[in-house]
Amino acid sequence: MTLLTTRPGEIGLLAAGAIRSALVKATDQANISSYIEGQSPLAWSDISDAGWDLVGVTEDDESATLRDLVEIAKAWGEITVQLPLLTTIMAKRHSARAAEHDGPVTFSIPTQALAAGTGMVPFGHIAHMHMVADFTSDTSSLVAVQSLTSDIFAPSLRAAHSSHITTFTAEAAREISVVWAAEGSGIAKRAVADAVTYAKQRMQFGKPIGSFQAVKHHLSNAHMDAEQAETAAVWGSLDPTNAHRSAVYSLDLSIRAVELAIQVHGGIGFTWEMGLHFYLRHLITLREMVTGLGDHA
Amino acid sequence: MPTTQERNAREVFTSAARVWLQENVPARWRENRGSLSEKETDEIRHEWDRQLHRGGFAGLSLPKEFGGQGLSMVEEVIFHDLAAQAQAPDGLARIGRILTAPSLIGHGTDEQLARFLPKILNGDEIWCQGFSEPNAGSDLAGVSCRAVKVDGGYLISGRKTWTSFAKMAHRCLLLAQTDPSAPRHKNLTMFLLDMKQPGVNISPIKQASGLTHFAEVQFDDVFVSDADRVSTEGSGWKVAMTTLMNERGGVEATSRYVEIRSDMDLLLATLGDRPDLRKQLDELDIRVELVHWQVSKAVDLELDSPDFFRATSILKLLWSELWQETSILGLENMTPETSDHWRLQYLETRASSIYSGSNEIQRNIISERVLGLPR
């Protein structure tokens with residue numbers, strides 16, 4: 001295919017910039033392990049008061065495109081906090097009822113990790129969460145999430161299991177997959193940056209470990225994976241036919257980048273307090289859900 | 001975001017290019033490429049350079065004042081893509097277009113630009129690249145080919161290797177040592193050497209695949225004038241870096257994408273119904289497309305910005321390793337109809353992770369210049 005541009009529009013750049021600064025300010029470069037199991041460093045109202053949860057709602061020519069949402073999701077992934085921004089943006093983009101709802105929204109997806117008839121609900125563990133019951137219907141109401149059990153595997157996703165499963169349109173399933181892939185690429189980029197910083201500081205044999213070629217090559221490979229993970233999300237946002245497969249592959253790449261980041265951190269890399277496992281847990285759960293959306297996309 | 005005007009201009013360019021390619025790609029090439037002799041192949045490829053020039057498609061991203069079209073990398077990539085779809089030949093002017101031209105634009109004099117660029121673009125002069133030597137491969141700064149100052153110029157003596165197009169080249173973009181006593185990276189100078197003179201001895205190198213894409217070139221007191229020195233004495237390393245950036249950049253990756261895409265299509269056509277290979281084929285197919293999207297993403301970034309370098313620095317690694325993997329899958333699953341192709345392609349692609357700078361060196365470059373890791 002011949003393509004005219006891969007760049008995001010103004011609205012995507014603007015929103016991504018604003019959201020990134022809000023996150024940087026709120027987290028103040030703190031390690032993810034210092035906040036992810038407790039209170040979110042950023043309040044939901046900081047996001048919703050600025051209207052960012054409605055950024056994907058299609059109204060006119062000025063609305064955000066999926067390419068714009070990729071830019072926003074990437075920024076969101078770079079600094080992971082436990083807030084349901086991306087599920088809310090996507091729910092409100094694809095469901096009129098969700099867009100009318102004042103508050104965060106999510107949905108329920110069957111995954112390979114759960115028994116048949118059970119769905120994974122990202123952020124379903126947060127109090128008073130609502131979810132879209134049916135993206136194919138304009139009239140079906142949102143339902144309050146009734147959690148069967150909470151899924152503690154990825155603390156950053158505050159997930160719950162539900163016996164209600166959302167019905168997706170192909171477009172919603174596809175776009176959600178792409179947005180999560182973009183978020184994943186932001187996480188990968190952050191993990192690689194953290195590993196590079198660590199490799200410059202950590203001394204062994206009297207030198208920074210980042211001066212050893214074996215470590216350099218791991219980091220170059222991790223950089224390639226993170227770059228390509230972003231490219232795959234951009235591709236998915238511009239080419240609907242290949243959106244779902246590029247999103248799954250994008251998440252594979254992001255996971256590989258974080259695995260390498262852990263390797264470069266050495267012994268501290270596989271501790272709970274270093275926090276890299278939170279990224280891995282988040283990405284693995286995203287991949288499960290995106291794979292689960294495959295039947296619809 | 002491109003303006004509406006830019007979008008329209010790109011659309012106009014795309015349809016004009018598509019029509020032109022439809023009318024100009026030689027049928028003989030499109031239909032009987034496999035049965036052409038080496039001589040016929042070279043003739044068609046050389047003529048293609050001239051056709052591109054007459055059609056206004058030579059030097060798309062080069063400035064108008066030097067005979068280029070004054071467009072951007074975006075048009076360059078669009079055209080390469082369309083040319084591949086139309087099964088167009090690859091011209092012989094590629095070293096001149098992709099390497100010499102940008103190096104001269106970065107570092108050459110107006111006089112050099114005026115003398116060389118038009119002949120590169122109209123297909124009159126074919127170029128080769130004289131960088132690697134038997135004892136200076138990955139350690140390119142260690143070249144020992146000597147340029148000794150004489151009245152009005154230099155005498156070049158030494159040996160270059162892995163030189164593509166050497167036999168047919170009129171000129172060589174040559175990196176030589178001008179001052180053996182100067183420190184590394186300060187002792188080299190770039191020259192624009194005339195290949196058609198006594199003292200230039202070319203021996204073809206037969207590769208592992210049996211093909212001869214490269215040659216070794218021996219220079220014995222070959223004269224090159226002061227006017228054919230690029231920039232100042234001692235600036236050769238800096239000029240070479242510009243050349244290598246282009247060699248490993250987006251235009252090169254696009255033409256590689258085209259070749260790998262065609263191998264991928266062959267894999268899908270012959271093995272697409274094998275359930276045991278589905279996952280592997282799907283992943284390779286995605287990776288082939290990602291090369292294309294990586295280039296598309298890069299050319300939309302601001303040229304020479306850190307983001308641009310981040311995005312382009314990985315291209316050579318992506319296509320070279322991917323091409324090896326597609327040919328391995330082809331080899332492992334070849335049929336009587338495809339065995340000749342995959343046997344050759346497997347051996348040919350052994351070289352792809354080595355030439356244009358080995359992949360180990362490219363990973364060092366990424367880690368040091370993109371990620372900022374210590375040397």
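Each reported figure results from applying straightforward, stated rules to the coordinates on display, with no laboratory input. These numbers were taken from a predicted model, which means no experiment stands behind them. Cβ atoms come from the backbone with ideal geometry, glycine included; neighbour counts cover every protein chain shown.
Structure notes:
- With Rh defined as the Kirkwood radius, the inverse of the mean 1/r over Cα pairs, the Rg/Rh of the range B:22-68 is 1.09.
- Ranked by how many other beta carbons lie within 10 Å on average, peptides B:174-182, A:284-292, A:185-193 from highest: A:185-193, A:284-292, B:174-182
- Under-5 Å amide H pairs with B:SER164, H placed in peptide plane, nonlocal only: B:GLN129, B:ALA215
- When the Cα atoms of the range B:64-107 are aligned to their principal axes, the ranges along those axes come out at 34, 21, 14 Å in descending order.
- Other protein chain C-beta atoms within 10 Å of residue C-beta, averaged over B:295-301: 5.
- Distant-in-sequence amide H partners of A:THR167 (H built 1.01 Å from N, under 5 Å): A:ASP134, A:PHE135
- Translational D in µm²/s for the range B:248-370 (Stokes-Einstein at 10 °C, 1.306 mPa s, Kirkwood Rh from C-alpha pairs): 105
- Pairwise alpha-carbon distances in the range A:91-159 exceed 17 Å for 41% of all pairs.
- In the range B:1-159 the Cα-Cα distances spread across 5 Å bins starting at 0 as 1, 8, 14, 16, 16, 14, 12, 8, 5, 3, 1, 0 percent of all pairs.
- Estimated [θ] at 222 nm from DSSP helical runs (n ≥ 4, -39500 (n - 2.57)) normalised by residues in the protein assembly as shown, nearest 500: -16000 deg cm²/dmol
- Per-residue HN-Hα couplings for the range B:229-239 [Karplus 6.51, -1.76, 1.60; θ = phi - 60°; Hz; x = Gly/Pro]: 8, 8, 6, 8, 4, x, 9, x, 5, 4, 5
- Interchain or long-range residues, amide H under 5 Å from B:GLY153's placed H: B:ASP226
- Size descriptors for chain A (Cα atoms only): Rg and Dmax, in that order, 18.7, 67 Å.
- Paired Rg and Dmax values of the protein assembly as shown, which use every Cα atom, in angstrom: 27.6, 90
- Entry for the range B:1-82 at q = 0.22 Å⁻¹: log10 I(q)/I(0) = -1.08, Debye formula applied to identical alpha-carbon scatterers, no solvent contribution.
- Within the range B:350-375: backbone nitrogen closer than 16 Å to the B:LEU211 label point (7 Å, Cα to C-beta): B:350-356
- Acute angle (nearest 10 degrees) that the helix B:73-85 long axis makes with the longest principal axis of chain B, alpha-carbon atoms: 50
- Rounded to whole Hz, the Karplus (6.51, -1.76, 1.60) HN-Hα couplings of the range B:311-323, x for glycine and proline: 6, 7, 5, 8, 4, 4, 5, 4, 6, 5, 6, 4, 5
- Inter-label distance, A:ASP28 to A:GLU10: 3.6 nm, where each label sits 7 Å from its Cα along the C-beta direction.
- From largest to smallest, the equivalent ellipsoid semi-axes obtained for the range A:170-293 from the alpha-carbon gyration tensor read 30, 14, 8 Å.
- Debye intensity ratio I(q)/I(0), log10, chain B, q values 0.08, 0.11 Å⁻¹ (C-alpha model): -0.42, -0.83
- Sites B:ASN24 and A:ALA193, calculated FRET efficiency, Cβ-Cβ separation with R0 56 Å, nearest 0.05: 0.70
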